[in-house]
Amino acid sequence: MRCLIIGQGIAGTVLAWTLHRRGIEIQVADAGFPTTSSSIAAGIINPVTGKRFVKSWRFDDCYPFAKNVYHQMELAWGTSIWRDIPILRLLETPREINDWAARLSTPGYDQVMAESPSAGSWAGMLPPGLHFGITKNAARVNFPVLLEKFNGLARSEGFHRSERIGPDEAIKMTAQFDFIIFCEGYRAIENQLFPNLPWQLSKGEAILLELDHPDAIAVDQMLKKTLTLVPLGAGLFWAGASFNWTFEDNGPTEAEQRFLEQRLADMVDVPWKVKKRHGAIRPTVKDRRPFLGASPVHPQIYIFNGLGTKGGLLAPFWASHLADHLLEGKPLDKEVDIRRFYS
Ligand SMILES: Cc1cc2nc3c(=O)[nH]c(=O)nc-3n(C[C@H](O)[C@H](O)[C@H](O)COP(=O)(O)OP(=O)(O)OC[C@H]3O[C@@H](n4cnc5c(N)ncnc54)[C@H](O)[C@@H]3O)c2cc1C
């Protein structure tokens with residue numbers, strides 16, 4: 001069997017890896033667009049999200065799967081991709097403190113949440129008067145290293161193509177491939193092989209910064225309130241992200257960067273230096289479920305997309321699910337099958 005994967009973001013990379021490991025002959029094409037969601041994402045895996053601290057959708061399926069797949073990549077490439085790193089959750093209002101305690105007593109949540117009497121490695125860098133919770137089983141997936149390593153492998157083994165492939169070319173290429181899978185991120189909104197999908201694209205911005213405090217180099221927890229701060233080592237942090245449903249392009253904007261720095265000032269009590277500013281468009285979807293399945297126009301052409309804000313957590317489980325469908329004819333889960341929009 002031969003498969004062509006179009007797009008080498010986190011979706012295309014993890015799918016290509018999965019098919020490659022199962023002995024399928026693959027080609028991976030990427031147009032090399034300079035700013036992509038995968039290239040600027042922090043790669044945070046956060047088990048509990050939202051104001052109500054609810055477990056991420058299908059977390060108990062996706063988390064062990066993701067950890068295992070990223071570990072396999074680490075073993076194969078001799079590099080570090082996955083880092084277990086808890087999140088120190090800042091709780092400010094009585095309501096937040098109550099909601100955290102209430103959620104903690106919900107069955108199944110003691111594996112992912114705990115109370116924290118102190119600010120841990122952030123002590124001395126936070127404003128006074130805060131309470132803390134800890135999110136366990138959180139992690140960071142190093143997307144840039146993962147993408148670069150797989151790109152190197154694909155080039156050295158001769159299955160990488162530096163090109164943009166559109167729907168018409170893809171249809172012609174079905175003569176050479178059993179399956180063609182589009183993993184284009186937000187650009188799929190223009191792909192007429194997958195019409196009328198309920199995209200709800202969102203732009204996110206983030207900052208790479210340096211905290212000016214001697215203890216910043218030793219921080220070993222992420223920090224979350226409105227933003228998440230991710231320690232990258234040597235006192236550098238990724239801070240983000242903003243959410244915007246209306247935008248002109250994918251570059252950083254003055255207004256959102258100001259917003260990020262204001263939120264940052266609510267979270268830390270030390271000066272910082274901005275090193276880099278980022279913006280990108282996420283492939284977010286109205287019903288917040290991935291898009292998997294065959295084009296209603298051509299049965300050999302598939303989509304793997306809609307990973308939204310959680311590509312790191314979702315990509316491995318759903319790539320394997322799609323591989324089971326392509327290789328073994330197993331049915332797609334109705335929650336992710338794009339036929340939910342075409343029947
Ligand atoms: C600021 C920000 C922070 C984020 N933080 C996190 C986080 O902490 N954790 C997390 O899990 N997720 C996070 N996300 C979301 C995450 O980035 C996405 O879920 C994920 O990266 C989507 O990956 P993708 O492969 O579907 O799309 P993309 O990353 O957009 O990749 C698509 C690829 O396809 C290529 N391409 C597109 N069209 C074509 C074509 N026709 N031919 C050839 N190549 C093509 C592009 O060049 C690109 O390489 C964040 C997103 C943003 C914007």
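Read the figures in this text as sums done on the coordinates, not as results from a lab. The model shown is predicted, which means the values in this text are computed figures rather than measured ones. Cβ atoms come from the backbone with ideal geometry, glycine included; neighbour counts cover every protein chain shown.
Just to confirm my numbers, what's the Cα centroid distance between the stretch 208-274 and the stretch 280-299 in Å? About 30 Å separates the Cα centre of the stretch 208-274 from the one of the stretch 280-299.
Here the label points at Lys273 and Phe33, each 7 Å from Cα along the C-beta direction, are separated by 3.4 nm in the simple model. Which listed residue (Ile165, Leu126, Val141) has the Cα farthest towards the positive end of the charge dipole for the stretch 121-170, taking +1 on Lys and Arg C-beta and -1 on Asp and Glu C-beta about the Cα centre? The residue sitting farthest along the positive end of the dipole is Leu126. When only Cα pairs below 8 angstrom with a gap of at least 6 residues are kept, the chain shows a relative contact order of 24 percent.
Shape of the stretch 140-247 from its Cα gyration tensor (a ≥ b ≥ c, root eigenvalues): rounded if a/c is under 1.5, otherwise prolate when a/b > b/c, or oblate? Here the stretch 140-247 falls in the oblate category.
Return the whole-Å distance between the Cα centroid of the stretch 5-36 and the Cα centroid of the stretch 113-190. So the separation of the two Cα centres works out to 12 Å. As an exercise, identify the GluC sites (Glu not before Pro) in the stretch 207-301 lying in DSSP coil whose Cβ has no more than 16 other Cβ atoms within 10 Å. In loop regions of the stretch 207-301 (DSSP not H, G, I, E or B), the sparsely surrounded GluC sites (Glu not before Pro) are Glu248.
Mean 1/r over all different Cα pairs, inverted: what Kirkwood radius does the stretch 188-343 give, in Å?
Working: mean 1/r = 0.0561 Å⁻¹.
Computed over Cα pairs of the stretch 188-343, the Kirkwood hydrodynamic radius comes out at 17.8 Å.
For Ile181, the residues whose modelled amide H falls within less than 5 Å of its own, excluding neighbours fewer than 5 places apart on the same chain, are Leu4, Ile5, Ile6, Tyr302.
Where does the longest stretch of the chain lie that holds no trypsin sites (Lys or Arg not before Pro) found in a DSSP loop with 12 or fewer other Cβ atoms within 10 Å? Present the calculation step by step, with values, prior to reporting the outcome.
Numbers: sites that count: Lys51, Arg52, Lys286, Arg288, Lys334.
Free of exposed loop sites, the longest segment is 53-285.
Within the stretch 265-311, all pairs of alpha-carbon atoms sorted by distance into 5 Å bins from zero give the percentages 5, 16, 14, 13, 12, 11, 10, 7, 4, 4, 4, 1. Quotient of the Cα radius of gyration of the chain and 2.2 N^0.38 Å, N being its number of residues: 1.02. Just to confirm the number: angle between the C-alpha axis of helix 10-21 and the first principal axis of the chain, 0 to 90 degrees, nearest 10? The helix 10-21 is inclined about 60 degrees to the chain.
Provide the gained length on full extension for the span Glu148 to Arg164, in nm with one decimal, where the gain is 0.36 nm per separating residue minus the Cα-Cα distance.
Working: separation 16, 0.36 × 16 = 5.76 nm, distance 1.84 nm.
Using 0.36 nm per residue and subtracting the Cα-Cα distance, I get 3.9 nm.
Calculated mean residue ellipticity at 222 nm for the chain: -9000 deg cm²/dmol, from DSSP H runs with n ≥ 4 weighted as -39500 (n - 2.57), summed, divided by the residue count and rounded to 500.
Binning the alpha carbon pair distances of the stretch 202-282 at 5 angstrom intervals from zero yields the distribution 3, 16, 28, 25, 15, 9, 4, 1, expressed in whole percent. Counted over the chain, the DSSP beta bridges are approximately 70% antiparallel. Note on the chain: GNM, Cα springs under 10 Å; of Ala280, Ala294, Ala102, the largest mean-square fluctuation is that of Ala102. Say the cut-off is 32 Å between C-alpha atoms; which of Lys136/Lys276; Lys275/Lys334; Lys136/Lys286; Lys224/Lys330; Lys136/Lys330; Lys149/Lys224 go over it? Checking Cα-Cα distances, Lys275/Lys334; Lys224/Lys330; Lys136/Lys330 exceed 32 Å.
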